Amino acid sequence: MMHLMKKAERLRSLLGFVMPCVALAYAPAAYAADITLGIIGPHEYDLPVDFKPFNVLVQYGNGNAAGNTYNSAGQRMARGGSHTWSGLTKYVHFRTFEAIPHVGFAFEIIQGESYALANGTDYGGLGPTIVGPAAWFKPNAHSTFGIQTFMQTPVGTRDATSPNYWSNISSFIFDYEWKHFSFDGDLGSVVGSTKHMKGQHSYRPGTVFFTNLRFSWKATPKIEPFMAFDWQNVAGTYDNTMRQYVSDTNSREVAMGPGVMFNISKKVSFTARYSHSLEGRNTPETNAYYVKFVYLW
């Protein structure tokens, strides 16, 4: 009986494991963009070791009604916002290797989708494809620590959804479980290659630093309320042609909000969350909802 209970708990934890990323694109002024990995939920990195291979399919969705924009002084201005909707469809394969005991591995493929409505125009399409591995170990029975790294391709189905440069998204991941509470999150960066487009200036995207923290209360085996905290800082974009930084391209944002995770079964879970900016600079405010559906087999 104890063995079955532990197996069920591991499966429930795996339903929360996801590693979403956000397409980052250069813009001459503030643009609507989620904080990197901002869609993660509770138990995101509550992972087992020494398990048999399995697969996970995840569908994310989020919408942001950014009616206001933070200027370079951090003041919120009633202009420059937009409505954006985006999704991430992800397949993940989990496995271990006999030659590397007590360490878990995952490899995933993520496809982004997006739609934006701003300044009287609307557009949508598929964004870049994101691929990469993750590896982790358990310092003890209640904690997990690891690293994940992804490459994001430079193009989507249209220019408006294409960053037009390669980027690497890497982060440390961690989780700690108490009897009635859970705390997990990540700390990482995004580094982009030089952006080259025919007939345009050459740009070097600013490095992004981010963190996402989740604290949850295990109210019942089926329902788990949580609080989310997200922070991101983006360095300015450098114009290689003009040999100077582009004005107002450095940005910062802090966002926070409540959510709830529903453990529908051992193989299915659904998570919903709301988030709003606490402060920012050179970025549209976050006024967003997030949803996540996970199926394990």
Has the range 159-172 got at least one residue that is surrounded by fewer than 14 Cβ atoms within 10 Å (Cβ to Cβ), free of Cβ contacts under 8 Å to residues at least 60 places away in the same chain and closer than 27 Å to THR69 by Cβ?
yes
Only one of ALA23, ALA27, ALA8, ALA32 is modelled with pLDDT under 90, of a type outside the set (Ser, Thr, Tyr) and not in a loop (DSSP other than H, G, I, E, B), namely ALA8
If I filter the range 173-194 down to residues being within 23 Å of PRO128 (Cβ to Cβ) and over 13 Å from the mean Cα position of the chain (by Cα), which single residue comes out as surrounded by the most Cβ atoms within 10 Å (Cβ to Cβ)?
GLY192
What's the total number of residues in the range 221-250 that are surrounded by 13 or more Cβ atoms within 10 Å (Cβ to Cβ) and under 19 Å from LYS195 (Cα atoms)?
13
Taking the range 198-224 only, how many residues are over 18 Å from GLY236 (Cβ atoms) and not in a loop (DSSP other than H, G, I, E, B)?
9
For the range 104-135, enumerate the residues that are exposed (fewer than 15 other Cβ atoms within 10 Å of the Cβ), farther than 14 Å from SER86 by Cβ and of a type in the set (Phe, Trp, Tyr).
PHE107
Cross-chain or 6+ apart pairs with Cβ under 6 Å, the range 47-66 first and within 26 Å of TRP136 (Cα to Cα) and in contact (Cβ under 8 Å) with a residue 40 or more places away in the chain, then among the charged types (D, E, K, R) and assigned to a loop (DSSP other than H, G, I, E, B)
VAL49/LYS138
Which members of the range 67-99 meet the condition of being in contact (Cβ under 8 Å) with a residue 40 or more places away in the chain and hydroxyl-bearing (Ser, Thr, Tyr)?
THR69, TYR70, SER72, SER82, THR84, SER86, THR96
Listing of strands (runs of 3 or more DSSP E) fully contained in the range 55-147 that carry 2 or more residues being at pLDDT 95 or above, in contact with a Ser or Thr (Cβ under 8 Å, 6 or more places away or on another chain) and of a type in the set (A, V, I, L, M, F, W, C):
100-118, 121-137
Counting just the residues of the range 100-117 that are small (Gly, Ala, Ser) and within 20 Å of the chain's Cα centre (by Cα), which one comes out nearest to LYS52 (Cα to Cα)?
ALA106
Let me confirm something: among LYS198, LYS179, LYS138, which residue is more than 26 Å from GLY81 (Cα to Cα) and free of Cβ contacts under 8 Å to residues at least 12 places away in the same chain?
LYS198
Just name the residue that is surrounded by the fewest Cβ atoms within 10 Å (Cβ to Cβ) out of those in the range 257-297 that are of a type in the set (D, E, K, R) and in a strand (DSSP E or B).
GLU279
Conditions first: (1) modelled with pLDDT of 95 or more; (2) under 24 Å from ASN240 (Cα atoms); (3) surrounded by fewer than 17 Cβ atoms within 10 Å (Cβ to Cβ). LYS198 passes all but one, so which condition is the exception?
(1)
Filter result (in contact with a Ser or Thr (Cβ under 9 Å, 6 or more places away or on another chain) and aliphatic (A, V, I, L, M)) within the range 206-227
VAL208, MET227
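The values are calculated or read from the model by the stated rules, or taken from the named source; none is laboratory data. As the structure is a computational prediction, the values presented were derived from the model and not from experiment. Using ideal geometry, Cβ is built from the backbone for each residue, glycine included, and neighbour counts are taken over all protein chains shown.
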